[in-house]
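Visitor: First, the structure itself, so that you have it in front of you.
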Amino acid sequence: MVLAAGTGADVLRAVLQGTPPGAVYALVALGFVLTYKTSGVFNLAFGAQAFVSAAMYFQARVEWGWSTVPALVLAVFVLAPLIGLLMERLIFRHLRTASAVSKLVVAIGLSVALPSLFETLTGFSGVAGKTPGGLVPDGANVFYDPLGVYPFSRDELVALGVAVVAMLGLGALFRFTSLGLAMRAVVESPRMTELAGIDSDRVSSVAWMLSSFFAGMAGVLIAPRFNTLMAPDFFHLVVVAIAAAAIGRLVSLPRALLGGLGLGIFIALFRTFLPRWSVDLPWLEPFQDNLTPSMPFVVLFGVLVLWPAIRRSPAAADPLSGVDPPPLSLVSTTRSKVLTRAARVFGVCFLLLVGLTVWFRGDVVWVHLVTQATIMSLIFLSVTIITGLAGQISLCQGTFAAIGALTVFQLADRWDVSVLVAALVGAVIAAVVGALLSIPVLRLGGIWLAIATLAFAFFFDAVMLKFSWVGGGDSSLLQGHRVPRPVLGPWDFADDRRFLVLVVVVFTVVSVLVIRIREGTTGLTLRGLRGSELAAESIGVSPARARMVAFALSAAIAGLGGGLLAIHQENVNYGNNFTPTAALFWVVLVVTLSARTVEGAAQAGAAFSLFNAVILQGAGLAWITRGHLPGFFPLSPKWRFVLFGLASIQFARHPEGLVEHGKRRATVGIDTRLAARRERASSQDANGGEGP
Amino acid sequence: MTTLFEATGVRKSFSGIRALEDVSLRVEAGERVGLIGPNGAGKTTFFNCVLGMLRPDAGRVLLDGQDIGGLPVHRRARRGIGRTFQRIELFADMTVREHLLLADRIRRGEGSLLRDLFGRGGSDADERRRCDEVLELLGLGDLAADPVEALSLGQGRLVEVGRALMTEPRLLLADEPSSGLDREETDALAATLREVQGDRGFAVLLVEHDVELVASFTERTYVLDFGHLIAEGPTAEVMADKRVRQAYFGDVEVGSGS
Ligand SMILES: Nc1ncnc2c1ncn2[C@@H]1O[C@H](COP(=O)(O)OP(=O)(O)O)[C@@H](O)[C@H]1O
Ligand SMILES: [Mg+2]
């Protein structure tokens with residue numbers, strides 16, 4: 001290692017450089033911990049809240065020509081707390097007794113819905129190269145250098161100043177007001193609330209408003225860094241927040257604050273010293289190029305996986321873990337066999353009908369869409385396994401699919417391997433990666449598992465993808481990777497209809513396997529684990545092994561689907577298909593419809609690919625009305641995210657999925673009515689005798 | 001013949017609270033042993049240490065004379081320790097029969113993924129017979145196809161017992177099986193427990209608040225108070241012991257119920 005003279009000055013410079021972003025991270029971490037501790041919500045929508053404020057600020061400043069202060073007041077002091085208040089009042093207050101995982105899912109749904117809702121309501125859309133300036137004019141170009149070591153830009157100083165003021169304000173609130181005192185009590189020991197008679201509704205409302213305010217502030221401060229104002233960039237903020245909060249082990253606000261500051265400085269140090277080391281150690285080079293932006297993910301993953309304290313205390317990480325979950329509705333378990341079979345037959349007939357219509361009547365576009373829907377359904381079966389069966393939320397299914405797709409590309413491109421063989425190899429590789437990932441990650445369980453998979457997805461996105469043996473290097477990433485269609489004996493699948501048949505066959509086979517797994521010992525074991533890990537262990541189930549199997553299976557299915565998607569589109573197209581934020585939407589879709597059944601996955605696939613064309617573009621209505629469409633069509637495709645994002649809020653109440661819940665309730669209703677009728681008939685027969 | 005189960009010098013504290021202090025305890029094969037003590041005495045903590053849900057700070061846990069202290073929970077369970085829970089732990093979303101079926105499959109170690117993939121994962125006649133036997137024994141035959149959410153607490157506790165029985169334990173740790181049950185249900189449960197134990201001959205370590213149940217079911221009893229063992233011996237003698245009555249029963253007459 002080269003640690004020559006002048007290192008001391010470099011360290012100091014890095015520390016100074018890292019302090020302003022560190023202060024913003026601290027702000028973010030504080031906001032995150034506030035809501036986590038007061039209502040047990042791991043708020044993944046935090047970044048979405050930051051985005052909305054930043055976009056509002058931009059809209060007011062640039063589009064409407066407001067000056068800084070009113071724009072800031074509107075975006076950060078009015079809109080942000082309002083969003084926080086609404087989230088608490090309308091949603092999370094009613095989920096207080098829900099499990100931590102279902103609250104996490106709700107937050108994910110909101111993170112998908114909020115930005116699109118804002119964009120559709122205000123007509124905002126991110127434009128490349130047009131970002132709002134900072135809070136002060138020329139913030140990025142005027143420098144001050146008080147110590148003669150590191151010149152601070154105006155923006156940095158403003159960020160630092162604002163963060164310090166906000167933290168002092170929070171400190172004062174906690175110290176000098178009774179509400180602050182109550183909040184501190186709740187934050188330090190959530191279970192105290194009930195005992196001490198604190199008005200927890202009020203406390204959590206205020207906590208949410210404050211948290212949202214911090215999110216908005218951080219969003220506005222951080223926006224000048226991005227080239228385009230887009231929601232996914234702000235999603236990184238959440239990861240930063242969680243990383244900083246996790247460094248402080250989520251136990252207290254001061255520690256979260258230090259965690260944020262430390263993270264900022266750590267990244268600056270890294271940025272200073274890594275380039276020097278990589279002169280000597282060339283294998284570090286790709287890391288050097290890509291690690292800096294993804295540092296928070298790496299830190300987060302490292303903290304989660306390597307820090308034994310977090311690993312060993314999953315219960316401590318979840319402040320409400322002692323609270324009993326609400327009783328499951330009986331509807332979720334009772335299911336009449338006959339009606340289930342009838343529904344299944346109906347489903348298959350319906351699919352056949354759709355298939356035949358598309359086959360004979362559909363044009364290229366519809367064949368394409370249906371093929372995509374089928375492949376997405378296949379990918380979503382991976383969620384059926386990991387979430388529906390094993391009860392774990394994995395946020396890296398997109399990464400597994402990407403591994404499949406990239407394997408197909410690499411094998412076909414370098415060694416001319418048949419793409420179908422390559423897709424199977426991709427599934428195997430994804431399974432191996434999934435199994436390996438499961439070793440450190442699955443011991444975490446619950447929300448920590450979800451967060452670790454998210455960190456892994458971002459890590460892959462930011463670092464692994466840049467290696468030429470993974471992502472094919474930078475240029476191919478931009479242009480996409482060419483992937484050929486397969487030829488199998490006499491059949492050339494370059495023909496879209498033939499390829500559709502192939503895809504349907506693959507989907508059917510995998511569906512049958514998934515059902516067999518669900519009905520077999522593996523499924524029984526996983527359902528047991530989901531129901532009660534404690535009890536499952538006590539009868540000899542090894543949770544680690546069972547979950548590793550589930551993870552590997554799920555990854556394999558996602559990998560296979562990803563490979564097929566690449567073959568279908570003749571292109572890997574990572575940026576459109578497989579990014580971590582795109583994969584968040586997958587989870588939202590599947591849990592909204594049903595993560596428990598194969599039909600749920602199929603419906604989610606259809607919704608993913610067809611909802612836009614059939615509903616939002618009005619093709620479905622046009623078909624019914626023979627071409628007459630009301631004037632407000634076509635609707636924005638963003639409604640997809642809004643509708644399904646908001647619908648996933650229902651997950652906390654109906655973990656089997658909204659549609660599935662409705663179906664089951666209907667079947668139970670029909671069932672009881674039939675039974676009642678039978679009873680009446682038989683009691684008439686027996687003339688008052690005993691019924692069956 | 002070696003002792004079936006033995007714990008020596010088990011100690012456990014939770015950030016200052018000393019839940020267990022040097023607890024040593026022995027259960028012979030087929031024996032019915034009680035473990036009593038007031039709330040918070042450390043009984044559940046002891047069970048957790050035995051099965052590995054908690055790591056004791058010190059002490060050894062022996063099964064068949066072998067130290068099992070280093071094994072994870074599921075390995076200990078497979079060596080023949082079954083357990084029921086004070087706060088009932090059933091598999092949400094599963095039927096009564098599935099609870100037993102899962103335990104049976106795990107015991108036989110036939111969780112092969114390949115079997116499932118080839119569609120051989122369904123239940124066979126042998127399994128069903130074994131499940132039915134236990135269901136009959138516990139009087140749960142009519143409820144086999146019901147989801148556990150539909151059961152009463154007493155029935156739920158029976159399912160827990162049945163699930164533990166399917167693993168064919170040599171030692172059953174029963175944690176307050178009567179808690180939350182009324183007199184009638186408790187008596188029914190006791191009768192069932194006695195019958196099943198007589199039938200299968202496994203050893204039982206019973207943690208119980210219900211004095212009648214302990215007095216009628218167990219042969220020997222240990223008394224735990226604030227983490228210390230304060231008495232042990234034949235149940236009748238222990239129950240008559242002055243110290244025990246002072247520490248534990250207070251003024252309550254033995255046998256007068258709660
Ligand atoms: N996981 C835990 N963390 C902290 N303290 C605990 C934990 N489990 C039990 N205790 C404490 O240990 C003591 C013994 O509890 P327990 O074993 O549940 O008693 P019992 O089952 O005899 O009623 C109690 O003071 C209880 O508060
Ligand atoms: Mg107890």
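The values are calculated or read from the model by the stated rules, or taken from the named source; none is laboratory data. Please read all numbers here as calculations on a predicted model, not as lab measurements. When we count neighbours, we look across all protein chains shown, and the Cβ atoms used for this are built from the backbone with ideal geometry, even at glycine. Note: accessible area is taken over every heavy atom of the protein model, side chains too, but ligands, DNA and RNA are not part of it. Shrake-Rupley method; radii C 1.70, N 1.55, O 1.52, S 1.80 Å.
Visitor: Name the residue, out of B:PRO72, B:PRO38, that is farther than 28 Å from A:ILE515 by Cα, modelled with pLDDT under 90, within 16 Å of ligand 1 (Cβ to nearest atom) and not hydrophobic (A, V, I, L, M, F, W, C). Steps first, please.
Guide: Values: B:PRO72 fails: within 16 Å of ligand 1 (Cβ to nearest atom).
Step by step, each of B:PRO72, B:PRO38 is checked, and only B:PRO38 is farther than 28 Å from A:ILE515 by Cα, modelled with pLDDT under 90, within 16 Å of ligand 1 (Cβ to nearest atom) and not hydrophobic (A, V, I, L, M, F, W, C).
Visitor: Answer yes if at least one residue in the stretch A:144-158 is at pLDDT 70 or above, more than 20 Å from A:VAL28 (Cβ to Cβ) and under 32 Å from the mean Cα position of the chain (by Cα), and no otherwise.
Guide: No, the conditions are met nowhere in the stretch A:144-158.
Visitor: Looking at the stretch B:196-210, which of its residues are at pLDDT below 85 and within 16 Å of ligand 2 (Cβ to nearest atom)?
Guide: B:HIS209, B:ASP210, listed by residue number.
Visitor: While we're here: Within the stretch B:163-191, take every residue that is part of a helix (DSSP H, G or I) and within 11 Å of chain A (Cβ to nearest Cβ) and give me the one that is nearest to ligand 2 (Cβ to nearest atom). Steps first, answer last, please.
Guide: So the first thing to find is which residues in the stretch B:163-191 are part of a helix (DSSP H, G or I), and the list is B:163-166, B:183-191.
Narrowing further to those that are within 11 Å of chain A (Cβ to nearest Cβ): B:163-166.
Details: B:ARG163: 19, B:ALA164: 17, B:LEU165: 22, B:MET166: 24 Å.
Among them, the one singled out is B:ALA164.
Visitor: Give me the pairs, please: first residue somewhere in the stretch A:597-614 and farther than 17 Å from A:HIS368 by Cα, second residue anywhere and open to solvent by 20 Å² or more (accessible area, probe 1.4 Å) and modelled with pLDDT of 85 or more, beta-carbon distance under 7 Å, and either six or more positions apart or on two chains.
Guide: A:VAL598/A:ILE515
Visitor: Report, by residue number, each residue of the stretch B:26-53 that is within 16 Å of ligand 2 (Cβ to nearest atom) and open to solvent by 40 Å² or more (accessible area, probe 1.4 Å).
Guide: The first filter runs over the stretch B:26-53 and keeps only residues within 16 Å of ligand 2 (Cβ to nearest atom), leaving B:34-51, B:53.
If the condition is that a residue be within 16 Å of ligand 2 (Cβ to nearest atom) and open to solvent by 40 Å² or more (accessible area, probe 1.4 Å), then B:ASN39, B:GLY40, B:THR44, B:MET53 are the ones that fit.
Visitor: When the stretch B:41-56 is examined, which residues are found to be more than 14 Å from chain A (Cβ to nearest Cβ) and either within 11 Å of ligand 1 (Cβ to nearest atom) or at pLDDT 90 or above (or both)?
Guide: Matches in the stretch B:41-56: B:ALA41, B:GLY42, B:LYS43, B:THR45, B:PHE46.
Visitor: Inspect the stretch A:361-369 for any residue being under 30 Å from A:PRO543 (Cβ atoms) and open to solvent by less than 10 Å² (accessible area, probe 1.4 Å) and give the result as yes or no.
Guide: no
Visitor: Name the one entry in B:LEU71, B:LEU4, B:LEU62, B:LEU90 that is more than 18 Å from the chain's Cα centre (by Cα), surrounded by fewer than 23 Cβ atoms within 10 Å (Cβ to Cβ), hydrophobic (A, V, I, L, M, F, W, C) and away from ligand 2 (no atom under 16 Å from the Cβ). Give the steps one after another, and end with the answer.
Guide: On the way: B:LEU4 fails: more than 18 Å from the chain's Cα centre (by Cα); B:LEU62 fails: more than 18 Å from the chain's Cα centre (by Cα); B:LEU90 fails: more than 18 Å from the chain's Cα centre (by Cα).
Within the list B:LEU71, B:LEU4, B:LEU62, B:LEU90, the selection yields B:LEU71.
Visitor: Hey, does the stretch A:414-429 have a residue that's of a type in the set (Phe, Trp, Tyr) and touching a helix residue (DSSP H, G or I) at 6+ places or on another chain (Cβ under 7 Å)?
Guide: Residues of the stretch A:414-429 that are of a type in the set (Phe, Trp, Tyr), as a first pass: A:415.
Filter once more, keeping what is touching a helix residue (DSSP H, G or I) at 6+ places or on another chain (Cβ under 7 Å): none.
No, the conditions are met nowhere in the stretch A:414-429.
Visitor: Still on this structure, please answer the following. Which condition from (1) open to solvent by 10 Å² or more (accessible area, probe 1.4 Å); (2) within 16 Å of ligand 1 (Cβ to nearest atom) is the one that B:ARG183 breaks?
Guide: Condition (2) is where B:ARG183 drops out.
Visitor: Quick check on the stretch A:413-452: of everything there that is of a type in the set (A, V, I, L, M) and touching a Pro at 6+ places or on another chain (Cβ under 6 Å), which residue is surrounded by the most Cβ atoms within 10 Å (Cβ to Cβ)? Break it down stepwise before answering.
Guide: Step one: list which residues in the stretch A:413-452 are of a type in the set (A, V, I, L, M), which gives A:417, A:419-425, A:427-433, A:435-437, A:439, A:441-442, A:444, A:447, A:449-452.
If we keep only those that are touching a Pro at 6+ places or on another chain (Cβ under 6 Å) as well, we get A:419-420.
Numbers: A:VAL419: 24, A:LEU420: 19.
This residue is A:VAL419.
Visitor: Would you tally the residues in the stretch A:534-571 being more than 9 Å from every other protein chain (Cβ to nearest Cβ) and of a type in the set (D, E, K, R)?
Guide: Taking the stretch A:534-571 as the starting set, the residues that turn out to be more than 9 Å from every other protein chain (Cβ to nearest Cβ) are A:547-548, A:550-552, A:554-571.
Checking which are of a type in the set (D, E, K, R) leaves us with A:547, A:570.
So the count comes out to 2.
Visitor: Being more than 11 Å from ligand 1 (Cβ to nearest atom) and either among the hydroxyl-bearing types (Ser, Thr, Tyr) or surrounded by 17 or more Cβ atoms within 10 Å (Cβ to Cβ) (or both) is the filter here; which residues of the stretch B:7-20 pass it?
Guide: Within the stretch B:7-20, the subset more than 11 Å from ligand 1 (Cβ to nearest atom) is B:7-11.
Selection gives B:ALA7, B:THR8, B:VAL10.
Visitor: Sticking with this structure for a sec: For the stretch B:211-251, how many residues are within 16 Å of ligand 2 (Cβ to nearest atom), among the acidic types (Asp, Glu) and more than 30 Å from B:ASP64 (Cα to Cα)?
Guide: Total satisfying the criteria: 0.
Visitor: Something else now. If a residue has to be assigned to a loop (DSSP other than H, G, I, E, B) and open to solvent by less than 20 Å² (accessible area, probe 1.4 Å) to count, how many in the stretch B:93-102 make the cut? Spell out the reasoning first.
Guide: If we filter the stretch B:93-102 for residues that are assigned to a loop (DSSP other than H, G, I, E, B), which is where we start, we get B:93-94.
Still in the list and also open to solvent by less than 20 Å² (accessible area, probe 1.4 Å): B:94.
Number of matching residues: 1.
Visitor: Might you check whether a residue that is away from chain A (no Cβ under 14 Å), under 19 Å from the mean Cα position of the chain (by Cα) and surrounded by 23 or more Cβ atoms within 10 Å (Cβ to Cβ) occurs anywhere in the stretch B:141-157?
Guide: No, there is no match, as no residue in the stretch B:141-157 is away from chain A (no Cβ under 14 Å), under 19 Å from the mean Cα position of the chain (by Cα) and surrounded by 23 or more Cβ atoms within 10 Å (Cβ to Cβ).
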